[in-house]
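The structure under discussion appears below in the form of structure tokens.
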Amino acid sequence: MLTQTLGFPRIGANRELKKACELYWKGKISQDELELAGKNERIKNWTIQKDAGIDLIPSNDFSYYDQVADMMFMLGVVPERFRKFENRLSKIDLYFAMCRGYQHENIDVTPLEMTKWFNTNYHYLVPEFEKKQSFSLSPEKVVGEFREALQSGIKTKPVLLGPLSFLKLGKEKTENFNRLELIHILLPVYIELIGKLENAGATWIQIDEPCLTTCTNDYERQLYRSTLTELFGSFPGIRFVLATYFESVSKVADLISLLPLEVIHLDLVSAPEQLDVFLDMVPDNMSVSLGIVDGRNVWKNNLEDSLGVIKKAVSRLGRDRVILSPSCSLLHVPYDLKNEDGREGLPIKVKERMAFAFQKIEELAILKDLSGISPTTGAVSKLEREKRERENWEKLPFVADEQVRKRLDEINHLKHNVSRGLPFEQRRAIQQEKLQLPLFPTTMIGSLPQTAEVRKTRCSFFNNKTSWEEYDNFIKECIRKAIRWQEELGIDVLVHGEFERNDMVEFFGEQLNGFAFTQNGWVQSYGSRAVKPPVIYGDVSRKGPVTVDIARYAQSLTDKPVKGMLTGPVTILQWSFVRTDQPRKETAGQIALAIHDEVLDLEKAGISIIQIDEPAFREGLPLKQEKWDEYLTWAVFCFMISSYGVKNETQIHTHMCYAEFNDIIPAIIAMDADVISIETSRSQMELLNAFTRVRYPNQIGPGVYDIHSPRVPGTGEMCDLLFAASRYIPVKNLWVNPDCGLKTRGWDETRSAIKNMTESAKRMRDVILHAEN
């Protein structure tokens, strides 16, 4: 019986790679120093897995930014707007330009569009395909990393995103063609690439085809069968692992069983029921990789249940045809629980129930030991301890709160009676009379740049080196300056800047019962951006008002409206590590009640505009369409609970990140927010197509400034985007705002970009006024 991992965290235990990349982008380290930092992280990860006893250790799961962008670069899928600078930029700078954009030395190019990796909070770069697309191989990265590991004494299993998932995850940039048609010219390049890996000595190769989980029509089924048959059949000396994850592939089990394939990997955490299907269908020459260790959550493995799954598989297949694995790449969990020192934020009883990436590969070794003929005493002892801890956990009083559960039951009985008082158009008239906003009202999403001084002061306060009075005065001074700056620019609806917040989810979680927090539980979100998700272990309730004092103070500084800024229940749920002992919708409902209390308190404090951010709303959508209605019903209900009971004159905003909105437009309409802001600048407003097909009735703020890129868009560029937006959305319904919060940007670029943004709104007003006259 073998063990394997599908991928490992790549940012480093202490975010070493993140820091190296950011230093390189600032010109403070050389390319050689950046590459050395990358090499150190790779060797460290391979060594950890080898020492833990993992048999099939992945390579090419490392990336300086994103694995899909790596694949694009490897296959020559470089859009023309970048390719024309190939002679002026180094390869790595061209790569980063695709990821982040580039604006320097007369080069100004916008980055690739970004979107969510299936139903996770990881963002990938979206490949762009032309009708006359060509492919060319640059295998240096994947072959080089395999050889690098070999030189370190570790023979790895190279990981490649499969050809059909690579195409499906992209988008067509020219009309009248289906990007899947490109498989016929792409497949030979994959075959050439695998040939080079075979020549380098690779004997195992992992092909990730996560899009198999959504393969339903006959055309795609046949394409998968012919493509993978040719790919695997071309290399009888290579043992292929076909990796699927995040959902069941039981509907294509018949297709998979016919492939010339050594190993099929199944995610048995997301879809445990699919194992029975495959045990009945896999041929005698195919092994099954059991994804039984959760690669997306931080709770310890239920060793007893996992042993039952292993026993079932072994009884049907034999030990030598069973491989033990995490459910998916460990990219989605923190690095090592040993980096937590047991401070107050992570109670010892909670920590005892947790496992990060390093502990999860140890769990694989324990399960392999326990499933053997003669388990070691140490493994048996760990099994007994885990079972005892699990049983004790269920009896702990701080996990359950009967008052919270009773309150949720009461609100659930209201069902659809949590809607706003009046229809949108009537609310709009009432709100406009109060707010007196101009055409193309300008605002920002929430956060303003968090400088080194802000982070340092907050850290000093939390480490008891700065008094509350000093910290409070510092934050208030930051807010005062931010309000004055926005007034000078002419922003219509102001934000306080969120200088007091470390993270939009963690900040609220710290004020809610049922949440725990890590010191170093970092998880990559995109590029060098890492987040530290809270851990929801028990029933959720609000300890007391969270944002009211800050909002009241900010509003006291100006006559213009200042938004109250909250994170919505679905996003708090999605961006936390969630308890698994009750349905997710119940946990979301509890969070919604806590946000509801905060909304009403903000309204009582005189805040006339309240934004309830739901950037993860689309992210939570199940991969299987038959599960959509159930999710969307409770997700919309939770959002409506949050704003339930506010006055018609109170304007409710929400915000959503990059997503495929076509799937959820009816749900967005049902949420009935007065204003929704969305990320659209990288797509050149194409995402607004979804809102026009159903004539979205409420107001919308399509982002005109890509905050994930260091470049500063000009006023003309923003006006072009607003003109494009006006083709989709009535002018009276358009707001002007950046794509997302500005926390990660610097002040110099932010000042320039927001100045251009306000100028673009003024120009658009002048154009409309001129047209009316």
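Key figures for this structure:
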quantity	calculated
The range 517-560: radius of gyration over Cα atoms, expressed as a fraction of 2.2 N^0.38 Å	1.78
Computed label-point distance, nm, for sites Glu273 and Thr580 using a 7 Å Cα→Cβ extension	1.8 nm
Helical mean residue ellipticity (222 nm; -39500 (n - 2.57) per DSSP H run of 4+; nearest 500) of the chain	-13000 deg cm²/dmol
Ratio of Rg to Rh over the range 478-576 (Cα coordinates, Kirkwood Rh, two decimals)	1.03
At 0.890 mPa s and 25 °C, Stokes diffusion of the range 441-511 via Kirkwood alpha-carbon radius, µm² per second	188 µm²/s
Mean separation of Cα contacts under 8 Å, 6 or more apart, over the residue count of the range 102-250: relative contact order %	24 percent
Per-peptide average of other Cβ atoms within 10 Å, ordering 106-117, 700-711 highest first	700-711, 106-117
Amide H contacts of Leu324 (H built 1.01 Å from N, under 5 Å, at least 5 apart or other chain)	Leu2, Thr3, Gln4, Leu290
Theoretical FRET efficiency, 1/(1+(r/R0)^6), r = Cβ-Cβ of Asp559 and Ile373, R0 56 Å, to 0.05	0.10
For the range 196-295, the Rg and Dmax computed from alpha carbons only, in angstrom	13.3, 39
Backbone HN-Hα couplings from phi across the range 711-717 [Karplus 6.51/-1.76/1.60, Hz, Gly and Pro as x]	6, 10, x, x, 4, x, 5
Rounded percent of accessible protein surface that carbon and sulfur make up, the range 37-152, 1.4 Å probe	46 percent
The range 508-635, Cα convex hull volume normalised per residue, Å³	140 Å³
Gained length - Lys456 relative to Thr715, 0.36 nm times residue gap less alpha-carbon distance	89.8 nm
The range 293-341, Rg to Rh (Cα coordinates; Rh as Kirkwood inverse mean 1/r)	1.08
The range 70-191: proportion of alpha-carbon pairs further apart than 25 angstrom, %	31 percent
Heavy-atom accessible area per residue - the chain, 1.4 Å, Å²	39 Å²
Equivalent ellipsoid dimensions for the range 533-585 as semi-axes, Å, which come from the Cα gyration tensor, largest first	31, 11, 8
Relative counts (whole %) of C-alpha pair distances in the range 1-66, using bins that are 5 Å wide	3, 18, 26, 21, 14, 9, 6, 2, 1, 0
The chain - Debye-derived log10 I(q)/I(0), Cα point model, q = 0.09, 0.10 Å⁻¹	-0.87, -1.09
Overall Cα dimensions of the range 67-138 - principal axes, largest extent first, Å	38, 27, 21
For the range 508-607: relative contact order, % (alpha-carbon pairs under 8 angstrom, 6 or more apart)	31 percent
Rounded to whole Hz, the Karplus (6.51, -1.76, 1.60) HN-Hα couplings of the range 424-434, x for glycine and proline	4, 4, 6, 4, 4, 4, 5, 5, 5, 4, 7
Percent of Cα pairs exceeding the 19 Å cut-off, where the set is the range 283-386	47 percent
P(r) weight above 16 Å for the range 131-173, C-alpha pairs, percent	55 percent
Per-selection metrics, the range 1-139 (Cα): Rg and Dmax in Å	16.6, 57
Burial ranking of peptide ranges 121-131, 80-90, 561-571 (average Cβ count within 10 Å, highest at the top)	561-571, 121-131, 80-90
Nearest-10 value in Å² for the accessible area of Glu453, using the 1.4 Å probe	120 Å²
Whole-Hz ³J(HN,Hα) from phi, Karplus 6.51 cos²θ - 1.76 cosθ + 1.60, for the range 6-17, glycine and proline x	9, x, 10, x, 10, 7, x, 4, 10, 6, 4, 5
Amide H partners (placed H, <5 Å) of Ser287, local residues excluded	Val263, Ile264
Cα point-scatterer Debye curve for the range 261-304, base-10 log of I(q)/I(0) at q = 0.14, 0.17, 0.18, 0.31 Å⁻¹	-0.37, -0.52, -0.57, -1.14
Fraction in percent of alpha-carbon pairs per bin - 10 Å, the range 325-402	15, 38, 37, 9, 1
Two-decimal Rg/Rh across the range 367-436, once Rg and the Kirkwood Rh are taken from alpha-carbon atoms	1.49
Length added when fully stretched, Lys171-Arg390, from 0.36 nm per residue minus Cα-Cα	74.3 nm
Under 5 Å, built H, 5+ apart or other chain: amide partners of Ser541	Asn513
Length-normalised contact order for the chain - Cα pairs under 8 Å, 6+ apart - percent	13 percent
Most to least packed among 254-262, 203-211 [average Cβ atoms within 10 Å]	203-211, 254-262
Over 27 Å (Cα to Cα) - which of Lys116/Lys762; Lys19/Lys44; Lys465/Lys755; Lys456/Lys481; Lys481/Lys743; Lys91/Lys157 fall in this group	Lys116/Lys762; Lys465/Lys755
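The values are calculated or read from the model by the stated rules, or taken from the named source; none is laboratory data. The model shown is predicted, which means the values in this text are computed figures rather than measured ones. Please note: Cβ atoms are built from the backbone with ideal geometry, for glycine as well, and neighbour counts cover all protein chains shown. When the accessible area is computed, the model is the full protein with side chains, heavy atoms only, and any ligands, DNA or RNA have been set aside. Shrake-Rupley method; radii C 1.70, N 1.55, O 1.52, S 1.80 Å.
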